Amino acid sequence: MNIEKSNEIIELVVYTIKPDMNSVYVNTAIEKFRKLVMGFEGFISYEFYQSCRSKNIFMDFVRWESLEFAEEAAKQVKILQKSPEYNEYLDSFASLEIFNHFNQVKAWS
């Protein structure tokens, strides 16, 4: 069945966390960050995934009402995450593989 195209934007972020920071990231740091993101205008949902093959690779799948909301949130996050409150979050990162916004072209179910 063909599904009607949605106007929402998907933000896809794939990254690697330092092995020694994995537990801290999963149990503490991501929760603070998730709460920050959920407070932005245009936020719809946040899904957090871990690789099946590497426990240090993660993916955030965030839905936004529009590209404008997603980009504004990204700008604000860059500013806010510099505060000491998010040191644990930033210190956890080994690398960022993908950070991009996508709009739906087609969907099937």
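Screening E71 on (1) modelled with pLDDT of 95 or more; (2) farther than 20 Å from H101 by Cα; (3) within 15 Å of the chain's Cα centre (by Cα) shows it passes everything except condition (2).
For (1) more than 14 Å from E11 (Cβ to Cβ); (2) charged (D, E, K, R), each residue gets a yes or a no:
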residue	(1), (2)
E72	no, yes
I79	yes, no
E85	yes, yes
S92	yes, no
K106	yes, yes
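Counting only strands (runs of 3 or more DSSP E) that sit completely within the stretch 2-109, those holding 1 or more residues that are surrounded by 14 or more Cβ atoms within 10 Å (Cβ to Cβ), in contact (Cβ under 8 Å) with a residue 60 or more places away in the chain and among the charged types (D, E, K, R) correspond to 9-17. Consider I9 carefully, then state whether it is in contact with a His (Cβ under 7 Å, 6 or more places away or on another chain) and aliphatic (A, V, I, L, M). Taking the combined requirement at face value, the residue satisfies it.
Just one of the listed residues (I3, I30, I44) is modelled with pLDDT of 95 or more and either aliphatic (A, V, I, L, M) or closer than 26 Å to I79 by Cβ (or both), namely I44.
For the stretch 94-108, a residue qualifies if it is within 13 Å of the chain's Cα centre (by Cα) and closer than 14 Å to F58 by Cα, and the qualifying residues are L96, E97, I98, F99.
The values are calculated or read from the model by the stated rules, or taken from the named source; none is laboratory data. All of these numbers come straight from a predicted model, not from anything done at the bench. Here the Cβ is made from the backbone with ideal geometry for all residues, glycine too, and neighbour counts use every protein chain on show.
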